[in-house]
Amino acid sequence: MATFFLFGYPLEINEVDFDEMRILNSQALLPGRYRGISNIQATVHELEVQNPLDFETFSGFSGSPVFSLEERFCSEPAMRFCGIAIAGTPASGRVFFLEAEVVADLLRVSIQRLEKFGLETIVSWDSAGEL
């Protein structure tokens, strides 16, 4: 059975001090358990997460990479990139993530667009994502 987790920079433990001109930056981990494909869309999956630091919101976790660590008999555990966190709340104890294959496809399209049209085009890429 695999253990799932994501790292993020929750707003509750990070701040920008404009007077001192410094950023106080802390990372946190949310461990979780895979619940399955969500009812939102087939490429969105659901985790049941623990909230050991009792965050009131999960602001700062959106866009965080989601990983799994799978124990293996007689060998090293395997770590896998599973996707990118897109939504979740402490009240529900759930985090939803976009699967890794979709993220990889978006990167492939971006690289193709860069190779074909140059950097300026990627910056102005429309939401349809057509080349």
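Read-outs throughout are calculated quantities, based only on the coordinates presented, and are distinct from any laboratory measurement. Here the structure is a predicted model, which means the values were calculated and not measured. Virtual Cβ from ideal backbone geometry, glycine too; neighbours counted across all protein chains shown.
Along its three principal axes, how long is the range 2-99 when you only count alpha carbons? Whole Å, largest extent first please.
Principal-axis extents of the range 2-99 (Cα, largest first): 52, 34, 21 Å.
Please identify every one of the chymotrypsin sites (Phe, Trp or Tyr not before Pro) in the range 66-102 that sits in a loop by DSSP and has no more than 11 other beta carbons within 10 Å of its own beta carbon. Let's see the in-between values first.
Working: sites: Phe67, Phe73, Phe81, Phe96, Phe97; in loops: Phe73.
When the chymotrypsin sites (Phe, Trp or Tyr not before Pro) of the range 66-102 are filtered for loop state and at most 11 Cβ neighbours within 10 Å, Phe73 remain.
To make sure I understand, if each residue's beta carbon is the centre and we count other beta carbons within 10 Å, what order do Leu47, Leu29 fall in, fewest to most?
Leu29, Leu47
Could you state, as a whole-number percent, how many of the C-alpha pairs of the range 1-55 are farther apart than 14 Å?
Considering the range 1-55, 64 percent of its Cα-Cα pairs are separated by more than 14 Å.
What is the set of long-range amide H partners of Arg94 at a cut-off below 5 Å, with H atoms built 1.01 Å from backbone N?
Val49, Thr89
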